[in-house]
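Below is one structure, written out as structure tokens, with a few remarks after it.
Read-outs throughout are calculated quantities, based only on the coordinates presented, and are distinct from any laboratory measurement. In this text, all values refer to a predicted model and were calculated from it rather than measured experimentally. Because the Cβ atoms are built from the backbone with ideal geometry, glycine has one as well, and the counts that use them run over all protein chains shown.
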Number of protein chains: 2
Amino acid sequence: MKKEFMDAAVALSKEGLASGLGGPFGAVVVKDGVIVGRGHNQVTGTNDPTAHAEVVAIRDACKNLNAFQLTGCDLYTSCEPCPMCLGAIYWARPDRVFFANSRKDAAAIGFDDDFIYQEIPKPISERSLPMLHLPHQEALQIFNEWKIKADKTEY
Amino acid sequence: MKKEFMDAAVALSKEGLASGLGGPFGAVVVKDGVIVGRGHNQVTGTNDPTAHAEVVAIRDACKNLNAFQLTGCDLYTSCEPCPMCLGAIYWARPDRVFFANSRKDAAAIGFDDDFIYQEIPKPISERSLPMLHLPHQEALQIFNEWKIKADKTEY
């Protein structure tokens, strides 16, 4: 862990705030002591609810590294990742995550992170979001085709 | 709910499988009876670990609707959303979600959805992913600046 990388993530959060593109969040991805991906939140400015700082930084790092995995990388973020970003981190598989502000700090300035953390583990029927299971024979068949596909790239 | 929209999501999952760009997942966003966003998984083909079908469809719908919220929309997906996508859905705020295959079906063909669902609710210290809290004075100060900012767009 190096303080300069957290400073870089925080500087991006400040840049994002000043840009007016979204919330006050910044993140960097670091590999072998070098920043390989950067992002600040740009949800409202780009009409993309998934454009959180961590997602933007992960996408930037993967593009720069020409890879869909962040093995050997660390992620520094100015705030504890929300569940969407934490999920993105699990899929990208960096080695470690460092965060500054907490989800409670985010809740205190009006962000839903904590609420979404409460919702995700609930059984589907108990969530505030209506979700309906519609089994579909062909959907299952396509899963089976993936299972037996010989030339697939797993992730 | 209309079966034609789930059929469209499943058709996209098939298209994605055939394309070789990623896993066998498809999704559509529907507003006022019309498909306004489409997506299939393209994680490996575009080097983007966040390019799950639901995320791609949400981003496409938001672009087409020129909005960062999906109020009044339904999301149809060929598989129960993973935690990243479920988080994205909470941020995009569609009215309802319909899904075909379940997370257990996804686990059975080798996808980590179920594992990530187990990890997200855990206390930070108990997750398999190392996460370290590094409080940072300026990061908190930037949160306070957001809180008092007069011309912000909330989301």
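Some points to look at:
- Counting other Cβ atoms within 10 Å as a rough exposure proxy, the listed residues B:Glu4, B:Glu145, B:Glu54 run B:Glu4, B:Glu145, B:Glu54 from fewest neighbours to most.
- Across the range B:54-84, the residues whose backbone nitrogen lies under 11 Å from the label position 7 Å along the beta-carbon direction of A:Arg127 are B:80-84.
- Nearest chain B C-beta to the B/A rotation axis, reported as residue and distance in angstrom, is B:Pro121, 2.
- Relative to the Cα centre, the charge distribution of the protein assembly as shown, modelled as +1 at Lys and Arg Cβ and -1 at Asp and Glu Cβ, gives a dipole magnitude of about 100 debye.
- Gyration tensor (alpha-carbon) shape descriptor, the protein assembly as shown, a/c threshold 1.5: prolate
- Rounded FRET efficiency, nearest 0.05, which uses the C-beta distance separating B:Asp95 from B:Lys149 and R0 of 35 Å: 0.75
- Residue among B:Ala88, B:Cys62, B:Ser13 farthest towards the positive dipole end of the range B:8-91, charges placed on Cβ: B:Cys62
- Inter-chain Cβ neighbour count for B:126-137, averaged per residue, equals 6 (cutoff 10 Å, partner chain atoms only).
- Restricting attention to chain A, lysine pairs at least eight places apart or on different chains and with alpha-carbon atoms under 30 angstrom apart total 19.
- Only Lys, Arg, Asp and Glu carry charge here, each on its Cβ (+1 for the first two, -1 for the last two); on that basis the range B:1-103 has a dipole of about 80 debye about its Cα centre.
- The range B:74-128-the range A:88-155 distance, computed between alpha-carbon centres (Å): 3
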